[in-house]
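Have a look at the structure below, then the notes.
Since every read-out is calculated from the coordinates, none of them should be taken as a lab result. Just so you know, these numbers come straight off a predicted model, no measurement behind them. Using ideal geometry, Cβ is built from the backbone for each residue, glycine included, and neighbour counts are taken over all protein chains shown.
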Amino acid sequence: SDLQSQPADPTVDTSRMKVSEEVAIEIRNMHKWYGEFHVLKNINLTVHKGERIVICGPSGSGKSTLIRCINRLEQHQKGDIVVSGVELTDDIKNIAEIRREVGMVFQHFNLFPHLTVLDNCTLAPIWVRKMPKREAEEAAMEYLRRVRIPEQANKFPGQLSGGQQQRVAIARSLCMNPEIMLFDEPTSALDPEMISEVLDTMVSLAESGMTMLCVTHEMGFARKVANRVIFMDGGEIIEENDPESFFNNPQSDRTKLFLSQIL
Ligand code: ADP
Ligand code: MG
């Protein structure tokens, strides 16, 4: 099926990039308003475990709002969102449970400036997960090695480049051992020469089998690792397809216009 289609890039190890039958995120007939403004209109989206989904679309189309609804940084008003089997309701326990399963990386890295890289990574595991400090630090060092900056562990965020800070933000999310990772334009605040080091980290995360929802306009990344590309405009999902079909054979005029502007 389309869901199973794997990228052909020979530099990407697809052996663990398996899409499971298990559902990670289910969004049904979901709507959101900001006051009077209808920002998300009847969103339906099922994400299976192991999927790597790229969300693209013009500025203001509701991409950030959609992924922020998934971990309740924004609240939807109509329809259902179920994450790892837990329905998102006003129940604070459900929200805490979902936030434990869902890591998020933002455009601006949102690191704590007064904490070292290592302390940024161990803060939540120690205080939220009640992990012993020693164990949290060992795990954090392992993730810092995975994003290839273990030598920066004792520096402060301000001493790092933007690309390094974003890799710390990714490592920090991974320290909570999430089931799902959400990315909101993680490279769009970076200088061009730093974009690839962050994308490389995201590629290896995809290779590890992580379920990923990425808002990005990095279409090379989409072609490399995404199994589905979703195009949003005006608060709606206009079109979705496997990357090959999406880029080579876009269906709607709005998708064609968007692609002509970014490619
Ligand atoms: P995208 O990420 O695709 O650029 P957003 O989800 O950030 O889009 O925003 C979608 C629309 O909602 C935009 O028109 C934006 O101005 C509006 N919007 C975003 N956040 C808020 C907010 N907190 N209050 C009111 N309007 C908002
Ligand atoms: Mg946005």
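Length gain on complete extension for the stretch K78 to H114, per 0.36 nm per residue less the alpha carbon to alpha carbon distance?
Working: separation 36, 0.36 × 36 = 12.96 nm, distance 3.96 nm.
Gain on extension, K78 to H114, equals 9.0 nm.
Could you give the dipole magnitude of the stretch 208-263 about its Cα centre, charging the beta-carbon of Lys and Arg +1 and that of Asp and Glu -1, in debye to the nearest 20?
Numbers: 5 positive and 8 negative charges, 38 e Å.
For the stretch 208-263, the charge dipole is close to 180 debye.
Using the Karplus equation 6.51 cos²θ - 1.76 cosθ + 1.60 (θ = phi - 60°), what ³J(HN,Hα) coupling, rounded to whole Hz, does each residue of the stretch 214-229 give in order, writing x for Gly and Pro?
Here the 3J(HN,Hα) series is 10, 7, 7, 9, 7, 6, x, 4, 4, 5, 5, 10, 5, 9, 8, 10 Hz.
Got a sec to turn the phi values of the stretch 46-51 into Karplus ³J(HN,Hα) couplings, 6.51 cos²θ - 1.76 cosθ + 1.60 with θ = phi - 60°, whole Hz, x for Gly and Pro?
10, 10, 8, 4, x, 6
Where does the stretch 46-165 land on Rg/Rh, using Cα atoms and the Kirkwood Rh?
Details: Rg = 16.7 Å, Rh = 16.7 Å.
Answer for the stretch 46-165: 1.00.
Can you give the relative contact order of the chain as a percent, counting alpha carbon pairs under 8 Å and 6+ residues apart?
Numbers: 491 pairs, mean separation 71.4, N = 263.
Relative contact order for the chain comes out at 27 percent.
Amide H neighbours of V23 under 5 Å, at least 5 residues apart or on other chains, H built in the peptide plane: list them.
Result for V23 returns K49.
Can you give the calculated 222 nm mean residue ellipticity of the chain, where each DSSP H run of n ≥ 4 adds -39,500 (n - 2.57) and the sum is split over every residue, rounded to the nearest 500 deg cm²/dmol?
Working: 9 runs with 95 residues, N = 263.
For the chain, the value works out to -11000 deg cm²/dmol.
Whole-Hz ³J(HN,Hα) for each residue in the stretch 233-246, computed from phi via Karplus 6.51 cos²θ - 1.76 cosθ + 1.60 with θ = phi - 60°, x for glycine and proline: what do you get?
Along the stretch 233-246, the couplings run 8, x, x, 10, 7, 8, 7, 9, 6, 5, x, 3, 5, 4 Hz.
From the residues V105, N249, P58, which one has its Cα farthest along the dipole of the chain in the positive direction, the dipole being from +1 and -1 charges on Cβ of Lys/Arg and Asp/Glu about the Cα centre?
V105
If you place +1 on the Cβ of every Lys and Arg and -1 on the Cβ of every Asp and Glu, how big does the dipole about the Cα centre of the chain come out, in debye to the nearest 20? Working shown, then result.
On the way: 29 positive and 37 negative charges, 114 e Å.
For this selection, approximately 540 debye.
What is the gain in length, in nm to one decimal, between R129 and T89 on full extension, counting 0.36 nm per residue of separation less the C-alpha to C-alpha distance?
On the way: separation 40, 0.36 × 40 = 14.40 nm, distance 2.23 nm.
Answer, rounded to one decimal: 12.2 nm.
Could you tally up the Lys pairs in the chain with alpha carbons closer than 23 Å? Skip any pair fewer than 8 positions apart unless they're on separate chains.
Taking the chain as the scope, the lysine pair count is 19.
For the chain, how big is Rg over Rh, using alpha carbon atoms and the Kirkwood form of Rh? Mind dumping the intermediate values first?
On the way: Rg = 18.1 Å, Rh = 18.9 Å.
Here Rg/Rh amounts to 0.96.
Amide H to amide H, which residues 5 or more places from I55 or on other chains are under 5 Å from it, using H placed in the peptide plane?
Distant-sequence amide H within range of I55: C214, V215, T216, I230.
State, as an integer percentage, the relative contact order of the stretch 157-263 based on alpha-carbon contacts under 8 Å between residues 6 or more apart.
20
Which translational diffusion coefficient, to the nearest whole µm²/s, is obtained for the stretch 151-263 from the Stokes-Einstein equation, given a Kirkwood hydrodynamic radius over C-alpha pairs, 37 °C and 0.692 mPa s? Working shown, then result.
Numbers: Rh = 15.5 Å.
Answer, rounded: 212 µm²/s.
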